[in-house]
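For reference, the structure discussed in these notes is given below.
The values are calculated or read from the model by the stated rules, or taken from the named source; none is laboratory data. Just so it is clear, the structure is predicted and the values come from calculations on it, not from any experiment. We place every Cβ from the backbone using ideal geometry, glycine too, and count neighbours over all the protein chains shown. Just the protein is used for accessible areas: all its heavy atoms, side chains included, with ligands, DNA and RNA removed. Shrake-Rupley method; radii C 1.70, N 1.55, O 1.52, S 1.80 Å.
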Amino acid sequence: MSPHRRTTGLQSYVPEPDASPPLPPWAQWTPPALTGLALAVDLPTPGAVSGDVLLALSTMTAACVYALPLVVLMAVLNSAVGLLLLLATHLESDSGHAVVDFFALLVLVWASVPLSLLRLSLYRRLLGVRRTAEYAQRAVLPPVRAWLGRTWIAVRYEAASHAAAVGGDLYAAELTPYGVRLLIGDVRGKGPDAIPAVAALVGSFREAAHHTEPLPLLARHLDEAVARNIRDLGAVRGGAGSPGEQFITAAVAEIPPGGGEVRLVSRGHCPAFLATGEGVRQWEPADPGLPLGLGDLDPGPWEYETRPFVPGDLLLLCTDGLLEARDANGVFFSPEDGLRACWHQGPPAVVDTLAELVHRHAGGVLPDDLALIAVTQPATTPPPPPGDGDGDGDTRGWGGAR
């Protein structure tokens, strides 16, 4: 299985500015291998084959993959090897051109040093841009605390796009006067173009969740926020902002302060899963409704559904990046078996295990964004993990890098 590209918490995968990018083994050994090959083909064939081209290629390759000290070292090494070949074979076979060829080799070899400096300068500038982008994207999807009151939460997030840490999926969790409220959603489309819609919905949820008591009314508020964002984007882009152009499938869940049940409003979103002592069951809403942003087409009334949720039970919210992942034969991934095997271990184990299983099922790379929220209320609240005395969350609980 290939490494997961991105995880919740959007931890930086950017090296420090003064660090060189990690080298694969073949790149690390290519420059000295080319120098050795130059000696191997030149010395046994005096006058027939010249290794100068391989020596120049060796140093140019070093300029592409090595830090500056190693580039200078390879330039010195290849200059010395070129001089050795000049004295050993080239002068005897073609003295007229051998010296000219040697000085041309020196020019090519030492030109690799300024090229290396240019590459490293551009690399540092790229790191700065990427780091700024990641900080901005972390503001869009801030980390979720591992404990909200007596509720234990773990979230995992992976963006399908290489260009962004945040894609079209979204999540949020808030401890409110009405209980713990959870949001998971999937913007139509993916990649950087979906980020404005993600920011608008998450920001609206984090504010409205604390001031809107009925769960259906909260969902209505979120629908209005999405529709307003669509209109604003349409106005900025010079269009009317048709509501069919962009919408967000979402599920809003609530665990009331007294516990005992979980409430769910689904707006066109994929099913949730409940793991209890009776087994793992898929929670397919009877009326999934229309996605957020299309509320004008669904006047309501909007209602929530309720399921028992006693201490020890576990709720899993996900996006279709989990359920629509296919294997080589086109078979969709089914999380029930994996959830059944690990749900007793707690939310962090659930999101980590399911992420690993879906990557294995899909052959290592997911074609769509992935968001997972696992939540439970243990019968006894364990102490916070080491280094988390303020309750801000276990790094594994919000997707520590693996």
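Just the residues that are modelled with pLDDT of 70 or more, in a loop (DSSP other than H, G, I, E, B) and exposed (fewer than 14 other Cβ atoms within 10 Å of the Cβ), please, taken from the range 1-48.
L23, P24, P44, T45
For the range 228-259, which positions are modelled with pLDDT of 90 or more and open to solvent by less than 50 Å² (accessible area, probe 1.4 Å)?
Scanning the range 228-259 gives I248, T249, A250, A251, V252, A253, E254, I255, P256.
Between residues in the range 126-144 that are of a type in the set (S, T, Y) and residues that are open to solvent by 50 Å² or more (accessible area, probe 1.4 Å), which pairs lie under 7 Å by C-beta distance while being six or more apart or on different chains?
Listed pairs, sorted by first residue: none to list.
Filter the range 269-295 for residues that are of a type in the set (D, E) and closer than 15 Å to T249 by Cα; which is least open to solvent (accessible area, probe 1.4 Å)?
For the range 269-295, the residue satisfying everything is E284.
Only one of these is at pLDDT 90 or above and over 30 Å from G312 (Cβ atoms): L126, L118, L148. Name it.
After applying the criteria, what remains is L118.
Which one of L54, L83, L87 is within 30 Å of Y123 (Cα to Cα), open to solvent by 30 Å² or more (accessible area, probe 1.4 Å) and part of a helix (DSSP H, G or I)?
On the way: L83 fails: within 30 Å of Y123 (Cα to Cα); L87 fails: within 30 Å of Y123 (Cα to Cα).
Unique residue meeting the criteria: L54.
Matching residues to (1) open to solvent by less than 40 Å² (accessible area, probe 1.4 Å); (2) under 23 Å from the mean Cα position of the chain (by Cα); (3) among the polar types (S, T, N, Q):
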| site | (1), (2), (3) |
| --- | --- |
| Y304 | no, no, no |
| R307 | no, no, no |
| P311 | no, no, no |
| A328 | no, yes, no |
| P335 | yes, yes, no |
| G346 | yes, yes, no |
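Pull out all pairs, ordered by first then second residue, where Cβ-Cβ is under 6 Å, the residues are six or more apart or on different chains, the first lies in the range 69-89 and is in contact (Cβ under 8 Å) with a residue 40 or more places away in the chain, and the second is outside any helix (DSSP H, G or I) and open to solvent by 80 Å² or more (accessible area, probe 1.4 Å).
T89/P46
So which of R145, R130, R138, R156 ends up being within 30 Å of A325 (Cα to Cα), part of a helix (DSSP H, G or I) and in contact with a Gly (Cβ under 9 Å, 6 or more places away or on another chain)?
It is R138.
Anything in the range 197-222 that is in a helix (DSSP H, G or I) and open to solvent by 10 Å² or more (accessible area, probe 1.4 Å)? List them, or say none.
Within the range 197-222, A199, A200, G203, S204, R206, E207, P216, L217, R220, H221 meet the criteria.
Being under 13 Å from L170 (Cβ atoms) and among the β-branched types (V, I, T) is the filter; apply it to the range 127-144 and report the residue that is surrounded by the fewest Cβ atoms within 10 Å (Cβ to Cβ).
Checking each candidate, the answer is V140.
Filter the range 57-71 down to the residues that are open to solvent by 50 Å² or more (accessible area, probe 1.4 Å) and aliphatic (A, V, I, L, M) and list them by number. Spell out the reasoning first.
In the first step, residues of the range 57-71 are kept if they are open to solvent by 50 Å² or more (accessible area, probe 1.4 Å); the result is 57, 60, 64, 68-70.
Residues satisfying the conditions are L57, M60, L68, L70.
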